[in-house]
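Written out below as structure tokens is the structure these notes cover.
The values are calculated or read from the model by the stated rules, or taken from the named source; none is laboratory data. The shown structure was predicted, so the numbers you read here are calculated from the model rather than taken from an experiment. So basically every Cβ, Gly included, is an ideal-geometry build from the backbone, and we count neighbours across all protein chains shown. Ligands, DNA and RNA are stripped out before the accessible areas are found, and what is left, the full protein with its side chains, is counted by its heavy atoms. Shrake-Rupley method; radii C 1.70, N 1.55, O 1.52, S 1.80 Å.
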Amino acid sequence: MNATTSFGPAQRLRPDAETIAELTGQLTSRYGNRVVTSLAVRQQHAHTTTWLENQPPDIVVLPETTEEVAEIVRLCAARKVPVIPFGTGTSLEGHLNAPFGGVSVDTSLMKRLVAVHPEDLDCVIEPGITRKELNEQLRDTGLFFPIDPGADASLGGMVATRASGTNAVRYGTMKDNVLALTVVTPDGAIVRTGSRAKKSSAGYDLTRLFVGAEGTLGIVTEITLRLQGIPEAISAGICSFPSVKDACDAVIATIQSALPIARIELLDEVQVRAVNAYSKLTMPESPLLLFEFHGTNSGVTEQAERFGEICAEFGGGGFEWATRAEDRTRLWQARHDVYWASLGLRPGAKGVASDVCVPISRLAECLAETKRDIQEHGMIAPIAGHVGDGNFHVMPLVMMDDPAEVKMAEDFMHRLVERAIAMEGTCTGEHGVGQGKMKYLKAEHGENALEMMRLLKRSIDPDNIMNPGKIVGA
């Protein structure tokens, strides 16, 4: 093997061809055609949804059980070959890239709904099942899993990135909805991090350690999730505003009034124009809020009336309601399709998606400054956000063959993150760190906290085989 860079106590090694050939033979003898080495498949298992370079693994393997994952990891650990967990490939910050080669462990065949406990409002699943697949299987129980990041991501990937989404304002994020995990650690051991009890004071909270670790500490192979009852009544709609600031101020007032809104999303006028064209809608092309209330029939009606009063105080109007399930589905699907819709605003351009999150009291200020920044530089960069918790997304559309445009977008992204951190926010509310935002962790957390993260990584993964080059990696 030839050393290429270093990490903490161990040299990060890229496997040589002989090592990869030997490992491929061993894996193939055990898993047959579930081991793939074609370039096209390997590139599909690297990062392709942003402007980061595609860095494919050497091998892709598809296990079916926790025990198989553990065996794969042990085979890799014996040779110090990197291991990169893979779900559905929807992440946005280079989490799936293999900068040092290695083995992509694709959990997409691990789709079992292991157990449902309706009386306890929880279930146990394997990581390859997606959020839509899970809710389809739960439908007859009267329960659902509320975390909704937009893309039909795998639940394992959602755990790894500490995903959030449109329902977070009411139901929280993945860290609030994972009770326990089964994890294969870098030495191939199988660890259970908790129980189905709703709370525990027994020892370190290992579950929270792995939620959001982005596969750098282990591979999640089983997840125990909190569930919610399907609401008796759901009402959704849109409301337009004169400006992004007015819309944000209405959100802040809504949250501060303790109105139990389930979803409240912002689209700026650029994003609305893209959504209308892509999803064949006719929403007013001005900043608007998409919202949803859950509860009883009378409760939803009362909440909607109070929300209307708050919006009117900030110039909101033109309410359009979607009470039928099919109309709500169409509305929220349009929101979830904003990535693809935005690409239509500038054919041939690459969408460079990023997100930040700030305290809700600073949201209007942060968004207004970001809009000014976009306009001053003549960029096309639609904005959408889970504004109920201060999180928003910006996607500059960049012609990648124009170095000046690429540099302008990079500088804009840097200012966006600096702005959020200066407002006591974070460089990412839900996309995660991956490769793309490692450079901001010191500014956000400080050197002492960052060194503690490195210490945890070194302690659990001394050979740095588990998704190296991410979060705190070299």
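Work out how much length Glu313 to Leu455 would gain on full extension: take 0.36 nm times their residue separation and subtract the Cα-Cα distance, in nm to one decimal.
46.1 nm
Which Cα, out of Gly165, Leu134, Leu181, lies furthest along the positive dipole direction of the stretch 121-185 (beta carbon charges, K/R +1, D/E -1)?
Gly165
Return the FRET efficiency for the residue pair Lys175, Trp321: r is the Cβ-Cβ distance, R0 is 35 Å, and the value is rounded to the nearest 0.05. Numbers along the way, then the final one.
Numbers: r = 33 Å, r/R0 = 0.94.
Plugging the Cβ-Cβ distance into 1/(1 + (r/R0)^6) gives 0.60.
Can you find, among Ala322, Gly378, Ser361, the residue farthest towards the positive end of the dipole of the stretch 322-474? Put +1 on the C-beta of Lys and Arg, -1 on that of Asp and Glu.
Ala322
With label points built 7 Å along Cα→Cβ from the Cα atoms of Ile380 and Arg34, find their separation and express it in nm.
4.5
Using only the alpha-carbon atoms, how far is helix 297-313 inclined from the longest principal axis of the chain? Give it as 0 to 90 degrees, nearest 10.
70
222 nm [θ] for the chain, helices only, -39500 (n - 2.57) per DSSP H run of 4+, per residue, to 500? Mind showing how you got there, number by number?
On the way: 17 runs with 175 residues, N = 474.
Value at 222 nm, helices only: -11000 deg cm²/dmol.
Give, rounded to the nearest 20 debye, the magnitude of the charge dipole that the chain has about its Cα centre when Lys and Arg contribute +1 at Cβ and Asp and Glu contribute -1 at Cβ. Provide the component values of the computation, followed by the final result.
Working: 46 positive and 60 negative charges, 167 e Å.
Dipole size: approximately 800 debye.
Dividing the convex hull volume of the alpha carbon atoms of the stretch 313-368 by its residue count, what do you get in Å³ per residue?
Working: hull volume 9.1 nm³, N = 56.
Roughly 163 Å³ of hull volume per residue.
Using every Cα-Cα pair within the stretch 136-244, state what percent have a distance larger than 18 Å. It would help to have the intermediate numbers written out before the result.
On the way: 3321 of 5886 pairs.
Result for the distance tail: 56 percent.
What angle do you read, to the nearest 10 degrees and between 0 and 90, between the alpha-carbon axis of helix 363-376 and the longest principal axis of the chain?
Taking Cα atoms only, the helix is inclined about 80 degrees.
Along Cα→Cβ, 7 Å out, is where each label goes; now give me the distance between the ones at Val114 and Glu447 in nm to one decimal.
Roughly 4.3 nm, to one decimal.
So how much slack lies between Ala21 and Lys132, counting 0.36 nm per residue of separation and subtracting their Cα-Cα distance, in nm?
Details: separation 111, 0.36 × 111 = 39.96 nm, distance 3.78 nm.
So the chain would gain 36.2 nm between Ala21 and Lys132.
As an exercise, identify the chymotrypsin sites (Phe, Trp or Tyr not before Pro) in the stretch 137-230 lying in DSSP coil whose Cβ has no more than 12 other Cβ atoms within 10 Å. Numbers along the way, then the final one.
Working: sites: Phe144, Tyr171, Tyr204, Phe210; in loops: Tyr204.
Hits after loop and neighbour filter: Tyr204.
For the stretch 310-405, give the magnitude of the charge dipole about the Cα centre (Cβ charges: +1 Lys/Arg, -1 Asp/Glu; no others), in debye to the nearest 20.
Numbers: 9 positive and 14 negative charges, 53 e Å.
With Lys and Arg at +1 and Asp and Glu at -1, about 260 debye.
Roughly how many whole Å is it from the C-alpha centroid of the stretch 118-196 to that of the stretch 342-378?
The distance from the Cα centre of the stretch 118-196 to that of the stretch 342-378 comes to 29 Å.
Tell me, what ³J(HN,Hα) does each residue in the stretch 111-118 have, in order and in whole Hz, if you take phi through Karplus 6.51 cos²θ - 1.76 cosθ + 1.60 with θ = phi - 60° and put x for Gly and Pro?
Going residue by residue, I get 10, 6, 8, 5, 7, 10, 10, x Hz, with x marking Gly and Pro.
Once the principal axes of the Cα atoms of the stretch 29-174 are found, what is the range along each, listed largest first in whole angstroms?
46, 36, 23
Enter the accessible area of Val114 (Å², nearest 10), with the probe set to 1.4 Å and all protein chains included.
Approximately 60 Å² of Val114 is accessible to the 1.4 Å probe.
Note down the magnitude of the dipole of the stretch 12-97 about its Cα centre, charges +1 on Lys and Arg C-beta and -1 on Asp and Glu C-beta and zero elsewhere, to the nearest 20 debye.
That gives a dipole near 100 debye.
In what order, largest first, do Thr182, Thr37 sit by accessible area if the probe radius is 1.4 Å?
Numbers: Thr182 15, Thr37 70 Å².
Ranked from most to least accessible, the order is Thr37, Thr182.
How far apart, in nanometres, would the label points at Ala277 and Ala189 be if each is projected 7 angstrom from Cα along the Cα-to-Cβ direction?
Each label point lies 7 Å from its Cα, and together they span 5.5 nm.
Taking all protein chains as present, what is the carbon and sulfur share of the accessible area of the chain, in % to the nearest whole number, probe 1.4 Å? Could the numbers behind the result be given before it?
Working: 9870 of 19050 Å².
On the chain, the fraction of accessible area on carbon and sulfur atoms equals 52 percent.
In Å², and per residue, what accessible area does the stretch 217-272 have when probed at 1.4 Å with the other protein chains present? Could the numbers behind the result be given before it?
Working: 1490 Å² over 56 residues.
Per-residue accessible area for the stretch 217-272 comes out at 27 Å².
Could you tell me the center-to-center distance, by alpha carbons, between the stretch 225-295 and the stretch 422-474 in angstrom?
Cα centroid of the stretch 225-295 versus Cα centroid of the stretch 422-474: 32 Å apart.
Say the dipole of the chain comes from +1 at the beta carbon of Lys and Arg and -1 at that of Asp and Glu; which of Val61, His47, Ile252 then lies farthest toward its positive end?
With unit charges placed on the Cβ atoms, the residue in question is Val61.
When the chain is fully extended, how far beyond the present Cα-Cα distance does Ala404 get from Ala422, taking 0.36 nm per residue of separation?
Working: separation 18, 0.36 × 18 = 6.48 nm, distance 2.67 nm.
Length gained, Ala404 through Ala422: 3.8 nm.
Considering the stretch 190-297, what Rg and Dmax in Å follow from its alpha-carbon atoms?
Rg, Dmax (Cα atoms, Å): 20.1, 55.
Helix 66-79 against the longest principal axis of the chain: what's the angle in degrees, Cα atoms only, rounded to the nearest 10?
For 66-79 against the chain, the angle is about 60 degrees.
Roughly how much of Ile261 is accessible, in Å² to the nearest 10, using a 1.4 Å probe?
Near enough 10 Å² of accessible area.
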